Amino acid sequence: MNQDIDQQREVLRQYVIEQRNALTQHQLRAAARDMTLLLESTPEFHHALHIAAYWPVKGEMDTRPVIDQAVRYNKHVYLPVIVEGDSMMFAPYEKDMPMKNNRFGIPEPDVAADKLVSPRDLDMVIVPLVVFDSDGHRLGMGGGFYDRTFSFLNDDPDAAKPCLVGAAHEFQHTGHIPPHPWDVATRLVATEERVWRPYNALHTTHEEAETG
């Protein structure tokens, strides 16, 4: 059964990656602008003081406009750093700070280990994904870094923080992702068209954010 689930997930992952890789720079910039407008209209973003995001690669929804907005609102911003054990800690981010590529070629802040912040100390974490569904399940690139790092949320489903927020293009939504027991769900997913919330998918549209 697990092998069947893994095959379904991989087929879905590769199909969406191909679509994402085909996006133009103009499409990526426009989508990031609209997604940022929607995400910053949510109460979760408004109340979060410590926000982690990710550095976008390979057609991922660009979170750099969200980072810029968070800084304007005097929020503390962090980026993930892979640590021993293949989990993540989070480094304080400042514009134009030194960065270095990790083993996957993804830029990370070049900071000392004693500057890293625990995932438990964050209010909101914007996570990358390849595919998501209406129940908050997500497929990433398959490395499992976010699931390992935030596994403590599965032990305490009522934990107030951090709030995991997926950032994606609308076409990355699918009807259902066969989950594994260790998968950690997002609390909401922001796209360029709306904010999806588990069990009540259609929440905030682009038009509502502009007028609300």
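The values are calculated or read from the model by the stated rules, or taken from the named source; none is laboratory data. In this text, all values refer to a predicted model and were calculated from it rather than measured experimentally. FYI the Cβ positions are ideal-geometry reconstructions off the backbone, even for glycines, and counts take in every protein chain you see.
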Study note, to complete from the structure: When restricted to Ile17, Ile67, Ile5, the only residue of a type outside the set (D, E, K, R), assigned to a helix (DSSP H, G or I) and touching a Pro at 6+ places or on another chain (Cβ under 8 Å) is Ile5
Check your understanding: Which one of the conditions (1) in contact with a strand residue (DSSP E or B) (Cβ under 9 Å, 6 or more places away or on another chain); (2) more than 17 Å from Gln172 (Cα to Cα) does Met61 fail to meet, given that it meets all the rest?
Key -> (2)
**Study point:** Any chance Gly136 is surrounded by fewer than 20 Cβ atoms within 10 Å (Cβ to Cβ) and either at pLDDT below 95 or within 19 Å of Pro65 (Cβ to Cβ) (or both)
**Key:** no
Exercise for review: Could you tell me whether any residue of the stretch 45-57 is part of a helix (DSSP H, G or I), at pLDDT 95 or above, surrounded by 13 or more Cβ atoms within 10 Å (Cβ to Cβ) and aromatic (Phe, Trp, Tyr)?
Suggested key: yes
Exercise for review: Restricting attention to the stretch 138-176, report how many residues are assigned to a loop (DSSP other than H, G, I, E, B) and aliphatic (A, V, I, L, M).
Suggested key: 4
Review point. Only one of Asp62, Asp96, Asp114 is of a type outside the set (A, V, I, L, M, F, W, C), surrounded by 15 or more Cβ atoms within 10 Å (Cβ to Cβ), free of Cβ contacts under 8 Å to residues at least 60 places away in the same chain and not in a strand (DSSP E or B); which?
Key: Asp62
Review point. On the given criteria, is Gln27 in a helix (DSSP H, G or I), at pLDDT below 95, surrounded by fewer than 18 Cβ atoms within 10 Å (Cβ to Cβ) and out of contact with any helix residue (DSSP H, G or I) (no Cβ under 8 Å at 6 or more places or on another chain)?
Key: no
Revision key, fill the gap. Conditions (1) assigned to a strand (DSSP E or B); (2) surrounded by fewer than 21 Cβ atoms within 10 Å (Cβ to Cβ) -> Ile126 fails only (2)
Exercise for review: Scan the stretch 164-179 for residues that are farther than 21 Å from Pro80 by Cβ and of a type in the set (S, T, N, Q) and jot them down.
Suggested key: Thr174
